[in-house]
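Remarks on the structure that follows.
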Amino acid sequence: MSRTLICAAALFAFFHLAAVPAADLAEEEFRQLHAELQPAKDALWRTVPWKTSVLDAQQVAAVEKKPLFIWAMDGHPLGCT
Amino acid sequence: MIDRESTFADKEIVNFLQSRVIPVAIDQWFQRRQKDSEGDFYRRIASQGPRHDFESGTTQGLYMASADGTFLGYTNNRSPERVKEMLRQAMLKFRPVATEQLTVEREDPRYTLTAPTGGLIVRVQAKVMGGYEETDDVMKQIFQTALSRDNLWVSQSEHSAIAAGRFPKSLALRIARFHLVDNTRGEPPMWRESEVVKTNFEIDGTVVRGHAELSTASGDRSYSVDLLGELRTEDGKVVEWNMVASGSFFGDGRYTRGAPQGKFPLAISFTLADGNDIADDIPPQGSRGWLRGYLP
């Protein structure tokens, strides 16, 4: 990329961001926090093939002749709690 | 939160769930109320356990049951050893006999919530970034480092507005009321509309910025927060949306006791869902009981 193009891109980015009302959250902090606030993909509980309907689970359990394990919470256990 | 980091962080339990049973995760608030095939089957199982007040009491816990609805075991303890003992006892009772598959004969629309067609699902995850007193208590440590999860639903018209570079007031209000909350220690109190003191969200090109001030009338809970993010659209549709809210929170709620003393930093991430996560289908916590109140 030529120096002119790089300068033009930098100027565009400067005016582009400057046009939006300032907030106290810097772009670097945004990127760092967003990366930090993601779940660990290798968390063990995420490797369980959870179903989210007891009827869906019953239909599979009947075919595979297995019991159901129900994780029943206040607030969805895969979400809030 | 505790369950994920204790019971379901145990390899033996997870191996068992992957191979010996059909695992299902539910918010029993729905199943104990809904008047349909799903609710009937859940109540048939739970009514044989120790918690069967379906009108006013929670039935939360870990259950084992046969496909015919026969109750095999229950515990509401999170200790992996107690859970393993319950599973062992339940498997001793289990008989793998032929059972008919149940069918969905009716669905209760009050409790069957689906994401809006043409809208968006955005993953929302919160974390307390500091302020807790140090502790040796493992359970407290789990809460103190917990990353929560909820989903934000965006309607089709709001999706179109965002793609056109406008941030709808309805969406700003929904984010403020139902998603700028501290749900890292349990079910949080949502903000009343009157407690949303100020919201200012704007889109400029690919940049989203915002600020919100939230406070109860008594001042026992408040959040002053800035937001920054980026959007990418293709053919009039939002295909990428990453955003962070970061600010100073104060207070807790009935089911979220144990917040840090005084004001503390709370950060919340927003990430457009792609449907590949196990929790992408979960309705927003704020929609529970009154979808129209969440998504008019």
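The values are calculated or read from the model by the stated rules, or taken from the named source; none is laboratory data. Only a predicted model underlies this, so the values are computations on that prediction, with no experimental measurement involved. We place every Cβ from the backbone using ideal geometry, glycine too, and count neighbours over all the protein chains shown.
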Subset tally (residues that are surrounded by fewer than 17 Cβ atoms within 10 Å (Cβ to Cβ), within 14 Å of another protein chain (Cβ to nearest Cβ) and among the hydrophobic types (A, V, I, L, M, F, W, C)) for the stretch B:233-245: 0
For B:Ile203: the one exception among (1) more than 22 Å from the chain's Cα centre (by Cα); (2) more than 12 Å from every other protein chain (Cβ to nearest Cβ); (3) closer than 27 Å to B:Leu291 by Cβ: (2)
Looking only at the stretch B:1-29, and only at residues there that are farther than 12 Å from A:Met73 by Cα and part of a loop (DSSP other than H, G, I, E, B), the one that is modelled with the lowest pLDDT: B:Ser6
Residue in the stretch B:120-130 that is under 30 Å from B:Ser79 (Cβ atoms), in a loop (DSSP other than H, G, I, E, B) and within 14 Å of chain A (Cβ to nearest Cβ) present: yes
Of residues in the stretch B:59-101 being touching a residue at least 60 places away in the same chain (Cβ under 8 Å) and surrounded by 20 or more Cβ atoms within 10 Å (Cβ to Cβ), the one farthest from the other protein chains (Cβ to nearest Cβ): B:Val83
Some residue of the stretch B:30-41 being facing another protein chain (nearest Cβ under 10 Å), surrounded by fewer than 21 Cβ atoms within 10 Å (Cβ to Cβ) and part of a loop (DSSP other than H, G, I, E, B): yes
Of residues in the stretch B:206-232 being more than 23 Å from B:Ala259 (Cβ to Cβ) and surrounded by fewer than 16 Cβ atoms within 10 Å (Cβ to Cβ), the one nearest to the other protein chains (Cβ to nearest Cβ): B:Thr206
The stretch A:52-81: number of residues that are at pLDDT 95 or above and not in a loop (DSSP other than H, G, I, E, B): 16
Condition check for B:Phe54: under 20 Å from A:Val60 (Cβ atoms), surrounded by fewer than 21 Cβ atoms within 10 Å (Cβ to Cβ) and more than 19 Å from the chain's Cα centre (by Cα): no
Which listed residue is on the phi < 0 side of the Ramachandran plot and either surrounded by fewer than 18 Cβ atoms within 10 Å (Cβ to Cβ) or in contact with a helix residue (DSSP H, G or I) (Cβ under 6 Å, 6 or more places away or on another chain) (or both), from B:Gly262, B:Gly293, B:Gly258: B:Gly293
Cross-chain or 6+ apart pairs with Cβ under 7 Å, the stretch B:244-272 first and among the charged types (D, E, K, R), then surrounded by fewer than 18 Cβ atoms within 10 Å (Cβ to Cβ) and in a strand (DSSP E or B): B:Lys263/B:Ser248
So B:Trp191, is it without any contact (Cβ under 8 Å) to a residue 40 or more places away in the chain, in contact with a helix residue (DSSP H, G or I) (Cβ under 8 Å, 6 or more places away or on another chain), more than 20 Å from B:Glu234 (Cβ to Cβ) and crowded, with 19+ Cβ neighbours inside 10 Å: yes
A:Phe30 vs. criteria aromatic (Phe, Trp, Tyr) and within 16 Å of the chain's Cα centre (by Cα): yes
Output for the stretch B:103-145, where each listed residue is touching a Lys or Arg at 6+ places or on another chain (Cβ under 7 Å), at pLDDT below 95 and surrounded by 20 or more Cβ atoms within 10 Å (Cβ to Cβ): B:Tyr111, B:Phe143
Any pair with Cβ under 9 angstrom, 6 or more apart, that starts in the stretch A:32-53 at a residue that is surrounded by 14 or more Cβ atoms within 10 Å (Cβ to Cβ) and ends at one that is assigned to a loop (DSSP other than H, G, I, E, B) and among the charged types (D, E, K, R): A:Pro39/B:Arg149; A:Pro39/B:Asp277; A:Leu44/B:Asp10; A:Arg46/B:Asp277; A:Thr52/B:Asp281
